[in-house]
Amino acid sequence: MTQQADSAPRNPPDMWSFEALYAAPPVLNGETLRAALADRLGAADLISDGDTILLALPGYCVDYSDRASVPCEVAIILADRAVEHGEYADALQQTWDWPEKEAALAQCRHSVLVSEFLGRGLPAEDRMEILQAVMHVLIENGGIAAISQTNAGYLINPQRYTESHARGYVYYGLLNIRFFNISNQPGDMLMDSLGLSAFGVPDVQCHFRAIDPAEMSAYLYNTAVYLLQHGDVIADGHTLSSIDEHSQWPCQHEDALIAPERVVLDVNPGAGFAAGNRD
């Protein structure tokens with residue numbers, strides 16, 4: 001598929017990337033990875049091998065003003081330094097579905113940075129497909145103890161990743177729902193998604209009180225998946241059904257309350273439940 005690079009969404013997409021973390025030195029062969037990726041995406045060309053493996057995907061092309069049909073590329077780069085565990089403190093704090101996350105990270109000594117190149121002009125669904133395929137290929141290649149999902153700010157258990165996809169949860173690994181207590185406002189909570197801005201759509205946030213965080217997490221996750229599927233289609237002033245479906249919650253685009261800086265879709269749960277300056 002070829003996409004015009006100038007057909008940008010309102011929220012310009014970011015480059016996706018992640019880190020594969022290993023206990024032992026990783027064994028990465030460019031031709032092996034090329035063949036495995038081609039099995040999933042139809043075609044792949046090996047551009048370079050060694051400590052930097054570069055793979056081109058001729059089935060996923062972007063037209064630029066000075067050049068037509070430029071293939072998206074995937075860079076797989078062996079880091080030249082040991083893993084610094086302290087760099088993953090925030091990711092550990094926002095990883096909710098992996099009780100053994102600290103033990104897994106503690107054994108990691110080596111990392112491989114994986115990122116797209118020349119791919120941001122592709123449709124979001126193509127970019128998600130490529131990211132997920134690359135994750136699967138590297139996990140199946142062996143040795144990964146954890147994945148640091150850079151755009152989504154959390155750690156992924158490789159086994160849970162493959163099991164979730166086998167059960168049909170195809171968006172697992174693309175986004176995370178974060179949770180924050182507001183220290184100077186007892187009872188106030190903030191939850192947001194992280195990871196959607198990589199695909200040119202806004203993350204979603206809610207500043208609330210007196211709602212079960214588990215219910216809010218599922219609600220925001222489902223809303224985030226809807227945005228990944230349909231794009232930035234919820235306009236300011238439009239509403240979403242509440243968690244109990246008995247009321248409507250208005251939405252508007254705002255600057256995110258919690259870093260990183262980005263525009264998010266803020267959901268206002270209304271009187272009795274909204275926190276901050278809302279009522």
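The values are calculated or read from the model by the stated rules, or taken from the named source; none is laboratory data. A quick note: this is a predicted structure, and the numbers were derived from the prediction, not measured. Glycine gets a Cβ as well: all are built from the backbone with ideal geometry, and neighbour counts include every protein chain shown. All accessible areas refer to the heavy atoms of the entire protein, side chains included, with ligands and DNA or RNA removed. Shrake-Rupley method; radii C 1.70, N 1.55, O 1.52, S 1.80 Å.
Taking (1) closer than 21 Å to residue 22 by Cα; (2) in contact (Cβ under 8 Å) with a residue 60 or more places away in the chain; (3) surrounded by 14 or more Cβ atoms within 10 Å (Cβ to Cβ) in turn, residue 90 satisfies each apart from (3). For the residues 25, 13, 99, the requirement of being part of a loop (DSSP other than H, G, I, E, B) and surrounded by 14 or more Cβ atoms within 10 Å (Cβ to Cβ) singles out 13. In this structure, residue 222 does not qualify as open to solvent by less than 60 Å² (accessible area, probe 1.4 Å) and at pLDDT 95 or above.
Would the range 62-77 turn up any residue that is under 17 Å from residue 134 (Cβ atoms), open to solvent by 40 Å² or more (accessible area, probe 1.4 Å) and in contact with a strand residue (DSSP E or B) (Cβ under 8 Å, 6 or more places away or on another chain)? So far as the range 62-77 goes, yes, one or more of its residues are under 17 Å from residue 134 (Cβ atoms), open to solvent by 40 Å² or more (accessible area, probe 1.4 Å) and in contact with a strand residue (DSSP E or B) (Cβ under 8 Å, 6 or more places away or on another chain).
When the residues of the range 28-56 are filtered to those that are surrounded by fewer than 18 Cβ atoms within 10 Å (Cβ to Cβ) and in contact with a Pro (Cβ under 7 Å, 6 or more places away or on another chain), the one that is farthest from residue 77 (Cα to Cα) is 43. For the range 79-96, residues that are within 16 Å of residue 51 (Cβ to Cβ) and either assigned to a helix (DSSP H, G or I) or out of contact with any His (no Cβ under 8 Å at 6 or more places or on another chain) (or both) total 2.
Restricting attention to the range 79-102, does a residue exist that is touching an Asp or Glu at 6+ places or on another chain (Cβ under 9 Å) and polar (S, T, N, Q)? No.
For the range 154-172, the set of residues classified as buried (at least 20 other Cβ atoms within 10 Å of the Cβ) and either within 18 Å of residue 256 (Cβ to Cβ) or at pLDDT below 95 (or both) consists of 154 only. Would it be correct to say that residue 70 is in a strand (DSSP E or B), modelled with pLDDT under 95 and touching a Leu at 6+ places or on another chain (Cβ under 6 Å)? Yes: the conditions hold for residue 70. For the range 225-279, the set of residues classified as open to solvent by 30 Å² or more (accessible area, probe 1.4 Å), under 30 Å from residue 132 (Cβ atoms) and among the small types (Gly, Ala, Ser) consists of 235, 241, 259, listed by residue number. Has the range 241-251 got at least one residue that is within 25 Å of the chain's Cα centre (by Cα), modelled with pLDDT of 95 or more and closer than 22 Å to residue 91 by Cα? No - not one qualifying residue is present in the range 241-251.
The set of residues from the range 152-203 being of a type in the set (S, T, N, Q), assigned to a helix (DSSP H, G or I) and either within 23 Å of residue 86 (Cβ to Cβ) or in contact with a helix residue (DSSP H, G or I) (Cβ under 7 Å, 6 or more places away or on another chain) (or both) comprises just one member, 162. Just one of the listed residues (118, 138, 175, 105) is under 22 Å from residue 198 (Cα atoms), in contact (Cβ under 8 Å) with a residue 60 or more places away in the chain, crowded, with 16+ Cβ neighbours inside 10 Å and touching a strand residue (DSSP E or B) at 6+ places or on another chain (Cβ under 7 Å), namely 138. Checked against (1) touching an Asp or Glu at 6+ places or on another chain (Cβ under 9 Å); (2) open to solvent by less than 50 Å² (accessible area, probe 1.4 Å), residue 216 passes all but a single condition, namely (1).
Scanning the range 157-190 for residues that are among the aliphatic types (A, V, I, L, M) and more than 11 Å from the chain's Cα centre (by Cα) turns up 166, 170, 182, 189, 190. Of the strands (runs of 3 or more DSSP E) lying entirely inside the range 213-279, those containing at least 2 residues that are farther than 11 Å from residue 203 by Cα span 239-241, 248-255.
Tallying residues that are modelled with pLDDT of 95 or more and closer than 30 Å to residue 56 by Cβ within the range 92-121 yields 8.
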